[in-house]
Amino acid sequence: MPHNIAEATHKQDIYKLLHKVAQSGIPAEIEWDGKHFIISPSGKKCLDCLENHPDFIVGDPDDLVHIDWSSEWKGEQ
């Protein structure tokens, strides 16, 4: 979750904010000139941060492919 930062008015504030984001790895949100910005370190993408959970499915995962959900489908109403 990004930190919300009040509008920075000095270059020094921006440098401090960049340093904080670089050190913590936590994105920061700022608003400037009526626009919203997120300052985030590059590198890992969100999907790269996901952890593998091999034991999440109990049973044979191939059985899930053959489940017929058509009786549950209501379609657009």
Task: Those residues of the stretch 24-77 which are over 24 Å from His10 (Cβ atoms) and in a helix (DSSP H, G or I), in sequence order - done: Cys46, Leu47, Asp48, Cys49, Asp62, Asp63, Leu64, Val65
Task: Per-region count, the stretch 45-66, residues surrounded by 10 or more Cβ atoms within 10 Å (Cβ to Cβ) and within 12 Å of the chain's Cα centre (by Cα) - done: 0
Task: Selected residue (criterion: modelled with the lowest pLDDT) from residues of the stretch 46-77 that are over 27 Å from Ile26 (Cβ atoms) and of a type in the set (S, T, N, Q) - done: Gln77
- [ ] Six or more apart or on different chains, Cβ under 9 Å: which pairs go from a residue in the stretch 42-54 that's among the small types (Gly, Ala, Ser) to one that's at pLDDT 80 or above? Could you list them?
- [x] Gly43/Gly25
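The values are calculated or read from the model by the stated rules, or taken from the named source; none is laboratory data. Small disclaimer: the values here were computed from a predicted structure and weren't measured. As a convention, Cβ positions derive from the backbone with ideal geometry for all residues, glycine included, and neighbour counts pool all protein chains shown.
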